[in-house]
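Participant: One structure follows; several queries about it will come next.
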Amino acid sequence: MGCAFIGLSLLFSACKTGRTAQGVSDEAQRRFDYYYLEAVKDKLAGRYDDAFELYMHCLDIKPDAGEVLYDLGLYALNMGDSAKCEQNLTRAVALQPDNIYYKEALASFYLRNRNYKQASPVLEDMVKCNPTRSDVLAQLVGIYTDNGNDEAAIRALDRIETLDGRSLSVSMEKFRLYRDMKEDDNAFAELESLAKDNPNDLSYRVLIGNQYMLVQQPDKALAVYDEVRKKEPENQALRMSMLDYYKQTKQDSLYQVQLNDLLYGKGVDDKARAMLMRNYIIDRENAHADSTEILHAFDRMFSSVPETVDMLTLYVSYLQLKHMDGQVEPVLERILKLEPDNQGALLQLMQIYVRANDYPKVVDICTRGITHDPDQLPYYFYLGFSYYQLDRNDKALDVFRAGMKQIKPDTDKELISDMYSITGDLYYSNDLKDSAFAAYDSCLVYNPNNVGCLNNYAYYLSLEKKDLDKAEEMSHRTIVAEPDNNNYIDTYAWILFIKGFYAEAKLYIDRVLTGDIKNDKEVSGGVLEHAGDIYAKCGDMDGAMKYWMMAQEKGDDVSDRLKKKIQLRKYIEE
C-alpha cells in the first residue's frame with residue numbers, strides 16, 4: 001500500500017473549530033469574533049489579500065488563536081510558503097490538540113511533501129483520538145511498509161480488519177508482509193482464515209494453491225487444487241490454475257488438453273477466454289511459431305463457442321500484427337454486428353475505406369458512426385470529404401456545418417483546420433467568395449501552416465485580383481514548405497504574373513515545365529495555359545503557342561478564352 005493524501009478537501013473548506021480561553025477581555029473577544037468573521041467572509045469571496053490582513057489583525061488581538069493559525073497555514077500553503085504553512089499548522093495543533101481538522105491538515109501537508117517521518121506521529125495521534133479511522137490506519141500501513149516496519153504495518157492491518165472485516169486486499173497485504181518477514185506459516189494462515197470466512201467461494205482455496213505455486217511448492221498447490229476439484233470440478237479459477245500448474249511442472253500433454261478445454265470448451269467466462277488466448281499468442285510468438293497455428297486456433301474457437309467482441313478485437317489485433325490487413329475488414333464488420341456502436345471498429349473501418357479511396361463505404365461507415373457517437377469530429381470530416389469527392393457538394397457543406405458544432409477546446413486543431421479549408425473550397429465553387437475567404441481565415445487560425453489552404457486561398461485571391469501582396473506571401477510559404485510541389489509553384493508563378501512580374505513568373509513556371517514535361521509527368525491543361533500566358537507576356541509567342549496548344553490538347557482546367565488566344569496568337573485579358 002503506498003502513501004496517499006487524506007482529507008485534502010478539508011484543506012480548503014471552512015474551518016470547524018471551538019474556542020480556547022486565553023485570558024482576553026470580553027471586549028477583545030468581541031472584536032476578535034467580528035474581525036475573524038469578516039476575514040472568513042473575504043476568504044470565501046476570493047478576496048484573499050483582504051482576508052490575510054484581517055487574519056493578521058485577529059492575531060494582534062489574540063496571538064494564540066488556533067483557528068486563525070489554521071487558516072493562515074492554508075493561506076501559506078496556497079502561496080507556496082511551506083515553512084510558514086508548517087509553522088502555523090504545528091502551532092494550531094499544539095494549541096488545540098483535540099482538534100481533528102488541524103491534525104488532518106498537518107498530516108496532509110507532511111504527506112504532500114513526502115515527509116513520512118513527521119506525518120507518522122500526527123497520524124498516530126489521530127488514531128488515538130478516533131480509533132475507528134481505518135483510512136488513517138491505511139496511511140500508516142503505507143508509511144510503516146515504506147520504512148520497513150512490517151510488524152507495525154501488520155498491527156495496523158489487524159486493526160483495519162477489526163473495523164471493516166476481513167477482505168482479500170488486506171489479507172493479501174498481510175500475506176506479503178509475513179512473506180517478507182520469512183514467516184510463511186503465518187502468511188498462509190492468513191489466507192486460510194480468509195478462505196474459512198468464505199466457505200462457499202472456492203476461489204479463495206484456489207488462491208491458496210496459486211500462492212503455493214508462486215513459492216515453488218507445487219505438491220502443496222496440487223493438494224489444494226484436488227480438494228477444490230472434488231467439490232467443484234468445473235470451477236473456472238481452478239481450471240485456469242491447473243493450466244498454469246501443468247505448464248510449470250512441464251506436463252505438456254496435460255497442459256495441451258487443459259488449454260483446449262479452456263479455449264474451445266463451454267463454461268469459460270468470455271473475458272477469461274480472451275485473456276487466455278492473448279497469453280497463448282504471446283507464448284507462441286515467443287516460440288517463433290508459424291502464424292497458421294494461431295489462425296487455426298481462432299477458427300476453431302469461433303466454430304466452437306459464440307463470437308464475442310473481446311475475442312474478435314483480439315483477432316483483429318493479431319491480423320494487424322501479421323500485416324494481414326486484407327482480412328481485417330470482415331472481422332470488424334462481425335464486431336459491429338455484435339456491437340453496432342463499437343467505436344474502435346467503426347473508426348478502423350473508416351480508416352481502411354479512406355485509405356482505399358472507397359468513398360461510398362466511407363459515407364456509410366461515417367453515417368453509422370455519427371448515429372452512435374455524434375461528438376466524434378472525424379466522422380463529420382471524412383463524411384464531408386467523401387461527399388466532396390463524390391461531387392455532392394451541398395451534402396458536404398451540410399455535414400461540415402454540422403461538424404463545426406461539435407468543436408470543443410480539446411478537438412484536434414489540424415482536423416478542424418482541414419475541415420474549414422475544404423469548406424472554403426466548397427463555398428468558392430458555389431460562388432460564395434466572401435464565405436470562402438472567411439472559412440480560409442478560420443482554417444489558418446487553427447493551423448497557420450495548412451499549406452493546402454494557403455495555396456487555394458492565395459490562388460483564389462489572385463483570380464479575384466484582390467489582396468495580391470497577401471496572396472503572394474501565402475503562396476511563397478507553400479513553396480518554402482514543399483519546394484517540389486508543382487501545383488504550389490504554379491500558383492506562385494501565376495500570382496507573380498497577375499502582379500506584373502512576368503520575368504520572375506517565367507522562372508517559376510519553367511521549374512514546373514522543365515521538370516514535369518521533360519520527365520513525361522502529368523501536367524494539367526490549366527498549368528500549361530498559365531505557361532502560355534506567361535510566355536506571351538514575356539514576348540515569346542512561339543513558346544506561348546506551344547503551351548496553349550498543349551493545354552488545348554489536354555482540355556482540363558482551361559479557360560473559355562484559350563481557343564481565342566490560339567486563333568489570335570495573343571494573350572487576352574479577362
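Participant: From the list 142, 66, 148, pick out the single residue that is of a type outside the set (Ser, Thr, Tyr), free of Cβ contacts under 8 Å to residues at least 12 places away in the same chain and open to solvent by less than 60 Å² (accessible area, probe 1.4 Å). Please lay out each step first, then the result.
Facilitator: On the way: 142 fails: free of Cβ contacts under 8 Å to residues at least 12 places away in the same chain; 66 fails: free of Cβ contacts under 8 Å to residues at least 12 places away in the same chain.
Among 142, 66, 148, only 148 is of a type outside the set (Ser, Thr, Tyr), free of Cβ contacts under 8 Å to residues at least 12 places away in the same chain and open to solvent by less than 60 Å² (accessible area, probe 1.4 Å).
Participant: Which residues, taken from the range 86-117, are of a type outside the set (Lys, Arg), loosely packed, with under 15 Cβ neighbours inside 10 Å and under 33 Å from the mean Cα position of the chain (by Cα)? Quick ask: steps written out before the conclusion?
Facilitator: Within the range 86-117, the subset of a type outside the set (Lys, Arg) is 86-90, 92-102, 104-111, 113, 115-116.
Of the ones still in play, those that are also loosely packed, with under 15 Cβ neighbours inside 10 Å are 94, 97-98, 113, 115.
Within the range 86-117, 113, 115 qualify.
Participant: So which of 314, 336 ends up being under 26 Å from the mean Cα position of the chain (by Cα), farther than 25 Å from residue 280 by Cβ and either part of a helix (DSSP H, G or I) or of a type outside the set (Val, Ile, Thr) (or both)?
Facilitator: Working: 314 fails: farther than 25 Å from residue 280 by Cβ.
Only one candidate qualifies: 336.
Participant: Now, a different point. Please pick out the residue among 256, 248 that is farther than 28 Å from residue 148 by Cα and in contact (Cβ under 8 Å) with a residue 24 or more places away in the chain. Spell out the reasoning first.
Facilitator: Details: 256 fails: in contact (Cβ under 8 Å) with a residue 24 or more places away in the chain.
Exactly one of 256, 248 is farther than 28 Å from residue 148 by Cα and in contact (Cβ under 8 Å) with a residue 24 or more places away in the chain, namely 248.
Participant: Sticking with this one: Do we find a residue being free of Cβ contacts under 8 Å to residues at least 12 places away in the same chain, over 32 Å from the mean Cα position of the chain (by Cα) and on the phi < 0 side of the Ramachandran plot anywhere in the range 267-281? Write out each step before concluding.
Facilitator: Initially, the range 267-281 is screened for residues free of Cβ contacts under 8 Å to residues at least 12 places away in the same chain, giving 275, 279.
Okay, now just the ones that are also over 32 Å from the mean Cα position of the chain (by Cα), so none.
There is no residue in the range 267-281 that is free of Cβ contacts under 8 Å to residues at least 12 places away in the same chain, over 32 Å from the mean Cα position of the chain (by Cα) and on the phi < 0 side of the Ramachandran plot.
Participant: Of the conditions (1) of a type in the set (Ser, Thr, Tyr); (2) open to solvent by 40 Å² or more (accessible area, probe 1.4 Å); (3) within 24 Å of the chain's Cα centre (by Cα), residue 429 fails just one. Which one is it?
Facilitator: (3)
Participant: Please verify whether residue 417 is closer than 18 Å to residue 351 by Cα, assigned to a helix (DSSP H, G or I) and open to solvent by less than 40 Å² (accessible area, probe 1.4 Å), treating the condition exactly as stated. I'd like the intermediate steps shown before the answer.
Facilitator: On the way: closer than 18 Å to residue 351 by Cα: no; assigned to a helix (DSSP H, G or I): yes; open to solvent by less than 40 Å² (accessible area, probe 1.4 Å): yes.
No; evaluated as a whole, the condition is false for this residue.
Participant: Scan 194, 177, 157, 202 and give me the residue that is under 21 Å from residue 239 (Cβ atoms), at pLDDT 90 or above and either aliphatic (A, V, I, L, M) or in contact with a strand residue (DSSP E or B) (Cβ under 6 Å, 6 or more places away or on another chain) (or both). Walk me through how you get there before you give the answer.
Facilitator: Values: 194 fails: under 21 Å from residue 239 (Cβ atoms); 177 fails: under 21 Å from residue 239 (Cβ atoms); 157 fails: under 21 Å from residue 239 (Cβ atoms).
Checking each option against the conditions leaves just 202.
Participant: Please go through the range 53-85 and pick out each residue that is assigned to a loop (DSSP other than H, G, I, E, B) and touching a helix residue (DSSP H, G or I) at 6+ places or on another chain (Cβ under 8 Å).
Facilitator: 62, 64, 65
Participant: Of everything in the range 90-105, what is more than 13 Å from residue 68 (Cα to Cα) and without any contact (Cβ under 8 Å) to a residue 24 or more places away in the chain? Give them in sequence order.
Facilitator: If the condition is that a residue be more than 13 Å from residue 68 (Cα to Cα) and without any contact (Cβ under 8 Å) to a residue 24 or more places away in the chain, then 94 is the only one that fits.
Participant: Out of everything in the range 142-175 that is under 17 Å from residue 204 (Cα atoms) and part of a helix (DSSP H, G or I), what residue ends up being nearest to the chain's Cα centre (by Cα)? Walk me through how you get there before you give the answer.
Facilitator: Taking the range 142-175 and keeping what is under 17 Å from residue 204 (Cα atoms), we get 165-175.
In the following step, the residues that additionally are part of a helix (DSSP H, G or I) were identified as 168-175.
Values: 168: 32, 169: 29, 170: 32, 171: 35, 172: 32, 173: 32, 174: 36, 175: 36 Å.
Among residues in the range 142-175 that are under 17 Å from residue 204 (Cα atoms) and part of a helix (DSSP H, G or I), the one nearest to the chain's Cα centre (by Cα) is 169.
Participant: Now, a different point. Please find, within the range 297-344, the residue that is nearest to residue 266 (Cα to Cα) out of those that are touching a residue at least 40 places away in the same chain (Cβ under 8 Å) and either open to solvent by 40 Å² or more (accessible area, probe 1.4 Å) or among the polar types (S, T, N, Q) (or both). Full working, then the answer.
Facilitator: Our first condition is that a residue be touching a residue at least 40 places away in the same chain (Cβ under 8 Å); within the range 297-344, this holds for 304-305, 310-311, 314.
After this cut, where a residue has to be either open to solvent by 40 Å² or more (accessible area, probe 1.4 Å) or among the polar types (S, T, N, Q) (or both) as well, the list is 304, 310.
Details: 304: 9, 310: 17 Å.
So, considering only residues that are touching a residue at least 40 places away in the same chain (Cβ under 8 Å) and either open to solvent by 40 Å² or more (accessible area, probe 1.4 Å) or among the polar types (S, T, N, Q) (or both), the one nearest to residue 266 (Cα to Cα) is 304.
Participant: Can you name the helices (runs of 4 or more DSSP H) wholly within the range 176-255 that have at least 1 residues being under 38 Å from the mean Cα position of the chain (by Cα)? Walk me through how you get there before you give the answer.
Facilitator: Details: elements: 184-197, 203-214, 218-231, 236-248.
Result: 203-214, 236-248.
Participant: Taking the condition farther than 22 Å from residue 569 by Cα, hydrophobic (A, V, I, L, M, F, W, C) and modelled with pLDDT under 95, does residue 512 pass?
Facilitator: Working: farther than 22 Å from residue 569 by Cα: yes; hydrophobic (A, V, I, L, M, F, W, C): yes; modelled with pLDDT under 95: yes.
Yes.
Participant: Against the condition small (Gly, Ala, Ser) and within 30 Å of residue 177 (Cβ to Cβ), how does residue 119 come out, does it pass? Reasoning before the result, please.
Facilitator: Details: small (Gly, Ala, Ser): yes; within 30 Å of residue 177 (Cβ to Cβ): yes.
Yes: the conditions hold for residue 119.
Participant: I've got another one for you. For the range 275-311, give me each residue that is part of a helix (DSSP H, G or I) and of a type in the set (A, V, I, L, M). Steps first, please.
Facilitator: Restricting attention to the range 275-311, the residues satisfying the condition of being part of a helix (DSSP H, G or I) are 275-286, 291-304, 309-311.
Scanning the range 275-311 gives 275, 276, 277, 281, 282, 294, 295, 297, 301, 309, 311.
Participant: Report every pair of residues separated by at least 6 positions or lying on different chains whose Cβ atoms are under 7 Å apart, first residue within the range 154-168 and without any contact (Cβ under 8 Å) to a residue 12 or more places away in the chain, second surrounded by 13 or more Cβ atoms within 10 Å (Cβ to Cβ).
Facilitator: Hits for this filter: 161/170.
Participant: Can you tell me which residue within the range 252-296, out of those that are loosely packed, with under 15 Cβ neighbours inside 10 Å and among the β-branched types (Val, Ile, Thr), is farthest from residue 316 (Cα to Cα)?
Facilitator: If we take residues in the range 252-296 being loosely packed, with under 15 Cβ neighbours inside 10 Å and among the β-branched types (Val, Ile, Thr), then 257 is farthest from residue 316 (Cα to Cα).
Participant: Turning to a different aspect of this structure: Within the range 359-379, restricting attention to residues that are assigned to a loop (DSSP other than H, G, I, E, B) and touching a helix residue (DSSP H, G or I) at 6+ places or on another chain (Cβ under 8 Å), which residue is surrounded by the fewest Cβ atoms within 10 Å (Cβ to Cβ)? Step through it out loud before you land on a result.
Facilitator: Taking the range 359-379 as the starting set, the residues that turn out to be assigned to a loop (DSSP other than H, G, I, E, B) are 373-376.
Keeping just the survivors that are touching a helix residue (DSSP H, G or I) at 6+ places or on another chain (Cβ under 8 Å) gives 373, 376.
Details: 373: 13, 376: 18.
The extreme case among them is 373.
The values are calculated or read from the model by the stated rules, or taken from the named source; none is laboratory data. Only a predicted model underlies this, so the values are computations on that prediction, with no experimental measurement involved. With ideal geometry, Cβ positions are generated from the backbone for all residues, glycine too; neighbour counts draw on all protein chains shown. Ligands, DNA and RNA are excluded from the accessible area calculation, which covers all protein heavy atoms including side chains. Shrake-Rupley method; radii C 1.70, N 1.55, O 1.52, S 1.80 Å.
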